[in-house]
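> The structure that follows is given in the form of structure tokens.
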Amino acid sequence: ALDALIGAQAYRLAHWRIAGDEINYRRFFDINELAALRMDRPEVFEATHKLILDLAANGAIDGLRIDHPDGLADPAGYFLRLQQRYAEQAGLAPPQAVDGARPEGLPLYVVIEKIVAPHEQMPRDWAVHGTTGYRFANVINGVMIDTAAKTRLDRVWRAFAGDEAEEFDDLAWQGRRLVMEGSLAGELTVLATALLRLARADRRTRDFTLNSLRRALADVVASFPVYRTYVIDKPSPQDRKYIAWALGRAQRRSLGSDASVFEFLRRVLLGRPLPGAPADLLHGYRAFMQRFQQYTAPVAAKGIEDTALYRHQRLISVNDVGGDPDAFGMSLQAFHGASRDTALHWPQTMLATSTHDAKRSEDMRARIDVISELPAAWRLTVRRWSRLNRRHRRTVDGATAPSRNDEYLLYQRLIGGLPPGDLDAAALADYADRVAQATLKAARESKAVTSWINPNAEYESALTGFVHALLSRPHNAVFLDDLVATAAVFAWYGALNGITMALVKTLSPGVPDFYQGLEVIDLSMVDPDNRRPVDFERRRRLLDEMRPLVEQADRGPALQALLAQASDGRAKFWATWRALQCRADNEVMLQNADYMPLEVTGERAHHVIAFARRKDSSHSSSGSSGPSSPSSPSSPSVLVVIATRLFASLGLRVGELPVGEVWGDTRVHWPADAKVSTEGLDGGHACDALSPFDGFIDAIGGRRHALGEDRSWLLAQVLADFPVAALTGTSGASART
């Protein structure tokens, strides 16, 4: 009777394992319980957004974060509808679509969780203020990596992992194909069946078979260079480029396939039926393209983020959401280019360094980045550790467990996450459990030996047993002592990296975002490890301890004392707090500020990130609000940010402070042709020199620093006590200490 009742329903009750093959409705990735809703249908949009828009219009909500917009049929249309409906609710003039440009006066702050590839431009006509910050997380992390070490670290990884070390492009291809053969196979079948119907609608394409179309589709999706395109009626130049890119790569990888199948698929994706084709075929092509675009994104997410990034272990700090391991760091020039683009096109985008989706916290990444500066020492370290720990390996199914790739990943995880100081038995056991959990998750995500759907219990037991054997006393004291000593080196330089990352994030173009508790050093691994409760009481105590320091006439000795114990997180906390205060004090100026890289010269120039934020007088300040206004006598017109990178390459010993005479003749220069708007300062004008300024106040160190006669700052003076500075320019009549 129960079977008869279920059989009468509009759905078929089935075992969850068959969903990958037979499901015929859209889901959130591969989660069957989260069925997709048709946001492109007005009645669905209204029903699902009424409450949230009421809350926003009533002032209970200041903005919206839109997760996974690549799952929408028409993201651009959705964002515009969202802004227009909010404006109607709030009694404001609704924004109107502008061809090729973002609508002006967006009434609701909206950011989107969008993965933007390094070679991709997010569509600039979207009615949003930017993304949730994954791109910036990879930009700021990248500039802390020594890009020259890529080849050397590649050799270290390959020597250790052997055949398990593969090119990332190949791993990304394999990862996409793997999920299309598994959890997302059903959606591929639906697409292939729809493509077959289109082929049969024209006599010239009628003989393409379901199998040939399915293979070609899978090859093209696996070759896509971005998460998706955004074709509605006709493709943009960027869309056409990515479609051609994917088709070209697919054909090169599929030399045995009929080229005419790819030509047919190209016409479908570009919306170009053959001459003389049935009149209604174009509508079918566009409907197919909509579904195709909604498929490439989850395949990329599951195949790259949740597969390939867990297999490519050359330097795991670059293996995070939105990251590209092949990029391997970022030059100073590229960093400045990315920042200028943000200031010009997305000045209110969010800037993240850690998120709930991060595979490791910003502070873990900051430590692991140091490997790029010490490749020779790292090579010797992993060799030594592998010899010390070989007695803990086991054999599973005729192969070594853990695999060489998993072991190499583990050593980087240990370097990045070992808590500082002495660990008692309870703390060590807790840390071992956390590492084992993260290691097991990584192995299942990689799908190389075990997986979530088909766990290899024997391998997983060997893997977690290996972790616990390494992190236990007293029988493994030799390795543990070596690990503690080695990790202390990476912890020191990594803590210094974290100070720079905090300052640059807070004062760069955009809106800085702080994931829970990361005002201090936090060495969390992938979720659920990064969802642990935050010790807010400790952060309150730190704030109380720091407040008196602001009032000291000479902060130098106290700042150097903080820096000497950088691994405890207080120095990062100080830099974060002071940078946030600086941002709050100068919020109005920063909202309208441009971005200008500053030239650095001298023996340590390669180690300096220096840029200026200047008030752009071409922007209107109407409607602005904040602690100061453009006409306020104390409002600065320029903010200069100076920060240190590649600390280990400075040649200083652990504990030796990277301040003062370390910088030698290194200088930061103000451009001879750069103008500074001094509107509201001493009458207000634009000047070629900085004559209205008798000095700049460093919000971090507290000292006054005047430009030299050659229009430069000597870093031995600016960074006399701390490795970062935030200089605000104020007029002689209103300079504040």
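> Let a ≥ b ≥ c be the square roots of the eigenvalues of the Cα gyration tensor of the stretch 375-450; is it rounded (a/c under 1.5), or, if not, prolate (a/b larger than b/c) or oblate?
In terms of gyration-tensor shape, oblate.
> Treat every Asp and Glu Cβ in the stretch 97-227 as -1 and every Lys and Arg Cβ as +1, leave all other atoms uncharged, and give the resulting dipole magnitude about the Cα centre to the nearest 20 debye.
The dipole magnitude comes to about 440 debye.
> Once the mean 1/r over all distinct Cα pairs of the stretch 1-126 is inverted, what Kirkwood radius in angstroms do you read off?
By the Kirkwood definition, the hydrodynamic radius is 17.3 Å.
> So if each residue of separation counts as 0.36 nm, and I subtract the Cα-Cα distance between residue 193 and residue 34, what length gain in nm does that give?
54.9 nm
> Also: In whole Hz and in residue order, list the ³J(HN,Hα) couplings for the stretch 498-505 that follow from phi through the Karplus curve 6.51 cos²θ - 1.76 cosθ + 1.60, θ = phi - 60°; x for Gly and Pro.
So the Karplus estimates, Gly and Pro as x, are x, 5, 4, 4, 5, 5, 5, 4 Hz.
> Mind jotting down the three principal axis lengths of the stretch 462-617 based on Cα atoms? Whole angstrom, largest first.
The Cα atoms of the stretch 462-617 stretch 66, 41, 34 Å along their principal axes.
> Sticking with this structure for a sec: Ranked from highest to lowest mean number of other Cβ atoms within 10 Å per residue, what is the order of the peptides 488-497, 330-339?
Per-residue mean Cβ counts within 10 Å order the peptides as 488-497, 330-339.
> Please name which of 366, 105, 251 has its Cα lying farthest along the dipole of the chain towards the positive end, using unit charges on Cβ (Lys, Arg +1; Asp, Glu -1) and the Cα centre as origin.
Result: 251.
> In debye, nearest 20, what is the charge dipole magnitude of the chain about its Cα centre with +1 on Lys and Arg Cβ and -1 on Asp and Glu Cβ, if you could check?
The dipole magnitude comes to about 1760 debye.
> Which entries of 150/359; 302/441; 114/234 show an alpha-carbon separation above 18 angstrom in the structure shown?
Check vs 18 Å cut-off fails for 150/359; 114/234.
> With r as the distance between the Cβ atoms of residue 399 and residue 104 and R0 = 60 Å, compute the FRET efficiency 1/(1 + (r/R0)^6) and round to 0.05.
0.50
> Assign one of three labels to the stretch 567-608, namely rounded, prolate or oblate, based on the Cα gyration tensor with a ≥ b ≥ c the square roots of its eigenvalues; rounded applies when a/c is under 1.5, prolate when it is not and a/b is larger than b/c, and oblate otherwise.
Verdict is oblate for the stretch 567-608.
> What percent does the relative contact order of the chain come to when contacts are Cα pairs within less than 8 Å and at least six residues apart?
Worked out over the chain, it gives 11 percent.
> Once Lys and Arg get +1 and Asp and Glu get -1 on their Cβ, which of 213, 180, 726 lies farthest toward the positive end of the dipole of the chain?
Final value for the positive-end residue is 213.
> Another question about this same structure. Taking R0 as 41 Å, what FRET efficiency do you get between residue 202 and residue 340 from their Cβ-Cβ distance, rounded to the nearest 0.05?
My answer for the efficiency is 0.25.
> A follow-up question, please. Applying a 10 Å radius around every beta-carbon, put 3-9, 360-366, 82-88 in order of their mean neighbour count, most first.
360-366, 82-88, 3-9
> Please give the FRET efficiency for residue 709 paired with residue 272, using the beta carbon to beta carbon distance and R0 = 56 Å, rounded to the nearest 0.05.
Calculated value: 0.30.
> With just the Cα atoms defining each centre, how far is the stretch 251-321 from the stretch 444-478? Give it in Å.
Centre-to-centre (Cα) distance: 36 Å.
> Counting DSSP beta bridges in the chain, what percent are antiparallel, to the nearest 5?
85 percent
> Right, next: Give the Cα extents of the chain along the principal axes, in whole Å, largest first.
81, 71, 52
> Just the projected area, averaged over all directions, of the convex hull on the alpha carbon atoms of the stretch 273-391: how many nm²?
13.5 nm²
> So, by mean Cβ neighbours within 10 angstrom, what's the order for 368-374, 714-720 with the highest one leading?
My ranking of the peptides, most packed first, is 368-374, 714-720.
> If you don't mind, another one. Which whole-number percentage describes the relative contact order of the stretch 171-320, with Cα contacts under 8 Å and a sequence gap of 6 or more?
Answer for the stretch 171-320 is 35 percent.
> Still on this model: Ignoring solvent entirely, what values of log10 I(q)/I(0) come out of the Debye formula for the stretch 171-309 at 0.19, 0.20 Å⁻¹ when each Cα is a single scatterer?
-1.11, -1.23
> Only four residue types carry charge here, +1 at the Cβ of Lys and Arg and -1 at the Cβ of Asp and Glu. Report the dipole size of the stretch 150-282 about the Cα centre in Debye, rounded to the nearest 20.
420 debye
> Along the charge dipole of the chain, Cβ charges K/R +1 and D/E -1, which of 448, 356, 130 sits furthest on the positive end?
448
> Does the stretch 151-221 classify as rounded, prolate or oblate by the C-alpha gyration tensor (a ≥ b ≥ c root eigenvalues; a/c under 1.5 gives rounded; else a/b over b/c gives prolate, otherwise oblate)?
prolate
> Consider all pairwise Cα distances in the stretch 29-92 and report the whole-number % of them above 18 Å.
Across the stretch 29-92, Cα pairs with separations above 18 Å total 39 percent.
Every number here is computed from the coordinates shown, using simple stated rules; none is lab data. Being a predicted model, the structure only gives us computed values, none of them experimental. Positions of Cβ are backbone-derived with ideal geometry, glycine not excepted, and every protein chain shown enters the neighbour counts.
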